[in-house]
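This report refers to the structure that appears directly beneath it.
Laboratory data are not the source of any read-out in this text; all were calculated from the coordinates shown. Predicted model, so just to flag it, every value in this text is computed and none were measured. Cβ placement follows ideal geometry from the backbone for every residue including glycine, while neighbour counts extend to all protein chains displayed.
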Amino acid sequence: MEDEDGVPSSQGIDFCTMGMFIIDEIHYLPPKPPVFDVLGGGGAYSALGARLFSPPPLSQTISWIVDRGSDFPPHLTTQINSWSTSCLIRDDPTRLTTRGWNGYDDLENRAFKYTTPKLRIDEHALTPSLLFSKSFHMVCSPTRCISLVTGILRHRKAINPSAPKPLFIWEPVPDLCLPTELLNCTNALPYVDICSPNANELAGFMGDDEIDPSTGLISTTFVERACEQLLGSMPLQSFALVIRCGAQGCYVAKNGGRSRRASIVKRKRPRNYARGGLTLDMDMESLFAGLLNEDGSFEREEVPIDPGIELWLPAFFSKGEEERVVDPTGGGNGFLGGLAVALARGRGVEEAAVWGSVAASFMIEQVGVPVLGVDEE
């Protein structure tokens, strides 16, 4: 049995992106000429980043959404089908396909604008098979991030209340990485597992400059300090920051705290007494359930502490290989597709960031997405 999207109802999904499909036109600094009708958008690049680690039939665990308008080029449909993913294609001949203009400066910072009306993707677009993905990638503002997470969880709970919580990987949208959005950003952090701006976007939130004037490179001191401040704003929450720094690699930072142990027995949540204090009928074992050992006895020894993570990882291309970087478009999206699918398959955040770096390297070696060679799989 198949859903309307052609994805089998029983198909397990490891990765689903809420990023849009966009037909790009890309404008470079002179004398390099522009290119048009390029398959793009955060949804496409992130899906391909996850797809790189998913040869058939595992490729069917990668899902994304494509909205085809009346002007959709046939060669792009052929390209999409060649990936063999669980792609939901929605046709609407009454509108134009979402298109975008991309431009870059000397530091590879992207300028972007829509040239046709956009059609955003939310939880209502997800079929049941996509809704129960193990991970979700989002490219959006802080407030929309909260809305998407709560909406997805609400819809999942309505269908299957006992379903495990998925992973949420948030890529802040560049034009709203502003000091005025910093509070909204910190409000969104408890809702996600990974927040991953690039260094320029991080600087935008912090109202700072990411460039070290003495070197002309991204300041590692700034990146580390900004991450420490963001993690410090939510000391009791468990999330990781993965800051993408182009040729300088990425910085992974995560709060520590008491190590979590998987619960063997599901314990009843203690009642919340509005006036506080102890009552005669209170279940003290439930109250102190967090201090129990796996055998049910109370923790009396030293509590194990997770020291957290503060780690720089190099980019895939080393110094001297700069000529291999042809176009940075989609590098960040592809990075997060690789990272997300690694997390969904049980890898730690450090290894997942390595997967992301490998995925990004494929995105930036040519204009547009890399061409999948079927015979090479």
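Any idea which of (1) surrounded by 20 or more Cβ atoms within 10 Å (Cβ to Cβ); (2) assigned to a loop (DSSP other than H, G, I, E, B); (3) more than 16 Å from the chain's Cα centre (by Cα) is the one Arg156 doesn't satisfy?
(2)
Sort out which residues of region 216-231 are polar (S, T, N, Q), more than 14 Å from Phe205 (Cβ to Cβ) and assigned to a helix (DSSP H, G or I), and write them in order of number.
Passing the criteria: Thr220, Thr221.
It is to be established whether one or more residues within region 89-97 are within 22 Å of Trp170 (Cβ to Cβ) and assigned to a loop (DSSP other than H, G, I, E, B).
No, every residue in region 89-97 fails to be within 22 Å of Trp170 (Cβ to Cβ) and assigned to a loop (DSSP other than H, G, I, E, B).
Output the qualifying pairs, or none if there are none: Cβ atoms under 8 angstrom, residues six or more apart or on different chains, first residue in region 228-240 and farther than 13 Å from Tyr191 by Cβ, second residue in a helix (DSSP H, G or I).
Gln229/Met206; Leu230/Cys185; Leu230/Thr186; Leu230/Leu189; Ser233/Thr186; Ser233/Leu189; Ala240/Val349
Which condition from (1) under 22 Å from Gly246 (Cβ atoms); (2) small (Gly, Ala, Ser); (3) within 19 Å of the chain's Cα centre (by Cα) is the one that Gly151 breaks?
For Gly151, the failing item is (1).
So which residues in region 20-61 are buried (at least 23 other Cβ atoms within 10 Å of the Cβ), among the β-branched types (Val, Ile, Thr) and closer than 22 Å to Phe136 by Cβ, if there are any at all?
Ile22
Each row is one residue, and each column tells you yes or no for (1) over 22 Å from Ala240 (Cβ atoms); (2) within 15 Å of the chain's Cα centre (by Cα); (3) crowded, with 20+ Cβ neighbours inside 10 Å; (4) of a type outside the set (A, V, I, L, M, F, W, C).
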{"residue": "Lys319", "(1), (2), (3), (4)": "yes, no, no, yes"}
{"residue": "Glu323", "(1), (2), (3), (4)": "yes, no, no, yes"}
{"residue": "Val326", "(1), (2), (3), (4)": "yes, no, no, no"}
{"residue": "Thr329", "(1), (2), (3), (4)": "yes, no, yes, yes"}
{"residue": "Leu336", "(1), (2), (3), (4)": "no, yes, yes, no"}
{"residue": "Leu339", "(1), (2), (3), (4)": "no, yes, yes, no"}
{"residue": "Arg345", "(1), (2), (3), (4)": "no, yes, no, yes"}
{"residue": "Ala352", "(1), (2), (3), (4)": "no, yes, yes, no"}
{"residue": "Gly356", "(1), (2), (3), (4)": "no, yes, yes, yes"}
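Could you please let me know if Lys32 is free of Cβ contacts under 8 Å to residues at least 24 places away in the same chain, in a loop (DSSP other than H, G, I, E, B) and out of contact with any Leu (no Cβ under 8 Å at 6 or more places or on another chain)?
yes
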